[in-house]
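Below: the structure, in structure tokens.
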Amino acid sequence: MKIEEGFIRDILEAQGKATNDASVRAARKHLLFKYGHSGRLLRDNESSVTGNTLTITHPIYKRFLDMKAKQRDGKPRKRKYPIHNRIVFGHYNEIAYQLMYGFTDEVAEKIKQNFKE
């Protein structure tokens, strides 16, 4: 494995875990277990890294809880809960920033030492 690939893998694994942790915290804060499905919202979050790809899986209705729905007359029907988009895109920006500016000579040396051990 190349040093760059190791760096990318480390960044993606760390941000995948941080995304899942932030999502669980947001669900606990905003939903307060009122729908009966919040057990799955807290439990069924996974992240995996394959090559240079981060895959985050979660229950599909989590995405719909984040959307603001309207009735036919245009009045708001329900409150939206910021438990998906804000978290995912916030971590997406962090991944992009770290991949653009985080690979320095010191980081490369640290990764080399980790491979030797």
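Nothing in this text is a laboratory measurement; each read-out follows from the coordinates by a stated rule. Being a predicted model, the structure only gives us computed values, none of them experimental. Glycine gets a Cβ as well: all are built from the backbone with ideal geometry, and neighbour counts include every protein chain shown.
Points to keep in mind about this one:
- M67, M100 arranged by Cβ crowding within 10 Å, fewest neighbours leading: M100, M67
- Checking the cross-link pairs K2/K62; K17/K80; K62/K110; K17/K110 against a 30 Å limit on the alpha carbon distance flags K2/K62; K62/K110 as lying beyond it.
- With the convex hull of the Cα atoms taken as the outline of the chain, the averaged projected area works out to 9.3 nm².
- Quick note on segment 55-98: its Rg to Rh ratio, both from C-alpha atoms and Rh being the Kirkwood radius, is 1.13.
- The chain, relative contact order [Cα under 8 Å, separation at least 6], %: 31 percent
- Separation of the N52 and K112 label points, Cα + 7 Å toward Cβ, nm: 2.2 nm
- Cross-link reach is defined here as a Cα-Cα straight distance under 18 Å, omitting same-chain residues fewer than 8 places apart; for K29 the aspartates and glutamates meeting it are D21, D44, D66.
- Mean residue ellipticity (222 nm) of the chain, computed from DSSP H runs ≥ 4 via -39,500 (n - 2.57), nearest 500: -19000 deg cm²/dmol
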